[in-house]
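Working notes for the structure below.
The values are calculated or read from the model by the stated rules, or taken from the named source; none is laboratory data. Since the structure is predicted, the reported quantities are computational estimates derived from the model, not experimental observations. No Cβ is skipped: glycine too gets one built from the backbone with ideal geometry, and neighbour counts run over all protein chains shown. Quick note on the areas: whole protein, heavy atoms, side chains included, nothing else; ligands and nucleic acids left out. Shrake-Rupley method; radii C 1.70, N 1.55, O 1.52, S 1.80 Å.
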Amino acid sequence: MDHVVGRLGAVYPGLAGQDVRLLERAFGRTRFLYLRRDDVLAQAVSWSRAEQTGAWYAAASGEIGGAEPSGRKPGYDAAEIGALIERIDEHNAAWERWFASFGVRPHRVRYEDLDADPAGVTREILGFLGLDLPRGRAIVAGHRRQADELNAAWIERYRRESARS
């Protein structure tokens, strides 16, 4: 966000430091969605795997994508997972501070709810945005969950090792 509003502040210098007004000037009516995950450990494990393999998403078609898949086998790294948990916590806290400082009340979406009911959560988001699903259209997930037994094993191992510390 800092990068975006910084660049826009250069275009609209009279609004520099007024992030929401700046965003609305550049993009029109602006609404905010805040997607976050309750299970920060699971998020850190997924992030670690994606960083190692380059596989950031899996399409419903089976296509794996991201930056440039490395083909590298992921390896458990407790230090990396711990650092990512800290980074995620910092990012979440920063968003909460930003929302509070500008009086923004975002529509909050829990990743776990989106994962469990993508169509229902998408309908809620459309409602928040004041949009209707076009007649005859269905909501179909374009991606599939990547987490698997390896994620579960890393999560359990991290919890077990952390409990000993």
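Residue-level check: of (1) open to solvent by less than 100 Å² (accessible area, probe 1.4 Å); (2) not in a loop (DSSP other than H, G, I, E, B), residue 141 misses just (2). Of all residues in the stretch 134-145, one or more are at pLDDT below 90, touching an Asp or Glu at 6+ places or on another chain (Cβ under 8 Å) and under 21 Å from residue 39 (Cα atoms). Scanning the stretch 89-116 for residues that are open to solvent by 60 Å² or more (accessible area, probe 1.4 Å), touching a residue at least 60 places away in the same chain (Cβ under 8 Å) and more than 20 Å from residue 19 (Cα to Cα) turns up 110, 111. Filter the stretch 17-42 down to the residues that are part of a loop (DSSP other than H, G, I, E, B) and loosely packed, with under 15 Cβ neighbours inside 10 Å and list them by number. Once the filter is applied, which keeps residues that are part of a loop (DSSP other than H, G, I, E, B) and loosely packed, with under 15 Cβ neighbours inside 10 Å, the stretch 17-42 yields 17, 28, 29, 30, 31, 38, 39.
Counting the residues of the stretch 43-57 that are part of a helix (DSSP H, G or I) and hydrophobic (A, V, I, L, M, F, W, C) gives 4.
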